[in-house]
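The values are calculated or read from the model by the stated rules, or taken from the named source; none is laboratory data. None of the values given here were measured: they were computed from a predicted structure. All Cβ positions, even for glycine, are placed from backbone atoms using ideal geometry, and neighbour counts span all protein chains on display. To get the accessible areas, we keep the full protein, side chains included, count just its heavy atoms, and leave off ligands, DNA and RNA. Shrake-Rupley method; radii C 1.70, N 1.55, O 1.52, S 1.80 Å.
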Amino acid sequence: MGELDGRVAIVTGASRGIGAAIAEAFGAAGARIAATARTLEDGTNRLPGTLRDTVGRIRDAGGTAEAFAADLSVPGDRTRLVSQVLDRYGQVDILVNNAAVTYFTPVADFSPRRMALMFEVQVNAPTHLAQLVIPGMRERGQGWILNISSVAARHPSVPPDRLAGLGATVYGMCKAALERLTTGLAAELYADNIAVNSLAPTQVVPTPGTLFHGLTTENDPNAEPPEVMAAAALALCREPAGKVTGRIACSQDPLP
């Protein structure tokens, strides 16, 4: 028996990096995986990794997974995604909000279009997806929502450190909002036995995205493998729903 046998998990941003690692870990634990991102096939994104790759690895390991292409900046795509997953699997027990669109630019130079896109994908989409899956979780009497955050949500030091110089203010704003959503939803859904937690890497994770932005390197001795985040995510989502909720956790914290 796998730790997540019988559960259905939507994992957003599952084409590469942390999302792919979480989808694979949950699939190995017995969950049926609805992997979603914009990149379904090769050649549609400049970064390596596709939903087909992630789903293929889960199936090759004996798990169950389907790919659902969606642009989470579009509300209609979010509604369609949950509808398609319900049609395919009949339920959603776990929602992992990992998808992100990120630009590192100082606030003075940030374009309104890019800022709106970041908030749409990293704040509005997790909120909307939660609204779409909560009714079913309430009906079944349990559920798990996990929001992938970042230490960038913390207030920067003054004088500033290296992170402040990277133009991470808007990114940190998005993650801070996501963490406030986490604790607020955890309180609202406590009586419904629906766990809501957030999880951030303790160290930077070498993913196609962080490598592209120059935040780390393949051989960085201080980097954290994506499998560490996946193991921490599994620890938060395998517990009874009412036991661990409202946590703003880091991947290398003692969990649960």
- Considering residues of region 7-26 that are closer than 18 Å to VAL85 by Cβ and part of a loop (DSSP other than H, G, I, E, B) only, the residue nearest to the chain's Cα centre (by Cα): GLY13
- Within the bounds of region 105-122, is there any residue that is in contact with a Lys or Arg (Cβ under 9 Å, 6 or more places away or on another chain), modelled with pLDDT of 95 or more and over 20 Å from LYS175 (Cβ atoms)? no
- Message: Residue under question is THR54, and the condition is that it be touching a residue at least 24 places away in the same chain (Cβ under 8 Å), polar (S, T, N, Q), in contact with a helix residue (DSSP H, G or I) (Cβ under 8 Å, 6 or more places away or on another chain) and open to solvent by 30 Å² or more (accessible area, probe 1.4 Å); does it hold?
- Response: no
- Note on the structure: Taking region 136-190 and the residues there that are within 17 Å of the chain's Cα centre (by Cα) and of a type in the set (Ser, Thr, Tyr), the one that is farthest from VAL8 (Cα to Cα) would be TYR171
- Scan region 159-170 for residues that are at pLDDT below 85 and either touching a helix residue (DSSP H, G or I) at 6+ places or on another chain (Cβ under 7 Å) or among the hydrophobic types (A, V, I, L, M, F, W, C) (or both) and jot them down. LEU163, ALA164, LEU166
- Task: Starting from residues that are at pLDDT 95 or above and open to solvent by 50 Å² or more (accessible area, probe 1.4 Å), keep the ones in region 184-208 and report whichever is nearest to ARG238 (Cα to Cα).
- Result: ASN193
- Message: What pairs come out if I take residues in region 182-194 that are touching a residue at least 60 places away in the same chain (Cβ under 8 Å) and assigned to a helix (DSSP H, G or I) and pair them with residues that are small (Gly, Ala, Ser) and open to solvent by 20 Å² or more (accessible area, probe 1.4 Å) whose C-beta lies under 9 Å away, six or more apart or interchain?
- Response: THR182/GLY246; THR183/GLY246; ALA186/GLY246
- Evaluate the following for VAL170: is it touching a strand residue (DSSP E or B) at 6+ places or on another chain (Cβ under 8 Å) and more than 28 Å from ARG32 (Cβ to Cβ)? no
- Task: Taking the residues in region 33-48 that are of a type in the set (Ser, Thr, Tyr) and buried (at least 18 other Cβ atoms within 10 Å of the Cβ) as candidates, determine which candidate is modelled with the lowest pLDDT.
- Result: THR39
- Message: Give me the residue from region 230-256 that is aliphatic (A, V, I, L, M) and in contact with a helix residue (DSSP H, G or I) (Cβ under 8 Å, 6 or more places away or on another chain) and, out of that set, surrounded by the most Cβ atoms within 10 Å (Cβ to Cβ).
- Response: ALA233
- Does ALA176 qualify as being touching a helix residue (DSSP H, G or I) at 6+ places or on another chain (Cβ under 7 Å), aliphatic (A, V, I, L, M), closer than 23 Å to VAL107 by Cβ and open to solvent by less than 70 Å² (accessible area, probe 1.4 Å)? yes
- Message: Condition (residue is over 18 Å from ALA34 (Cβ atoms) and of a type in the set (Lys, Arg)) applied to region 140-152: is it met by at least one residue?
- Response: no
- Pick out the one residue from LEU4, LEU47, LEU40 that is under 23 Å from MET137 (Cα atoms) and more than 14 Å from the chain's Cα centre (by Cα). LEU4
- Task: Might you check whether a residue that is at pLDDT 95 or above, touching an Asp or Glu at 6+ places or on another chain (Cβ under 7 Å) and open to solvent by 70 Å² or more (accessible area, probe 1.4 Å) occurs anywhere in region 86-99?
- Result: yes
- Query: Based on what the data block shows, is GLY30 open to solvent by 20 Å² or more (accessible area, probe 1.4 Å) and modelled with pLDDT under 95?
  - Reply: no
- Filter pass, SER83 being of a type in the set (S, T, N, Q) and free of Cβ contacts under 8 Å to residues at least 24 places away in the same chain: yes
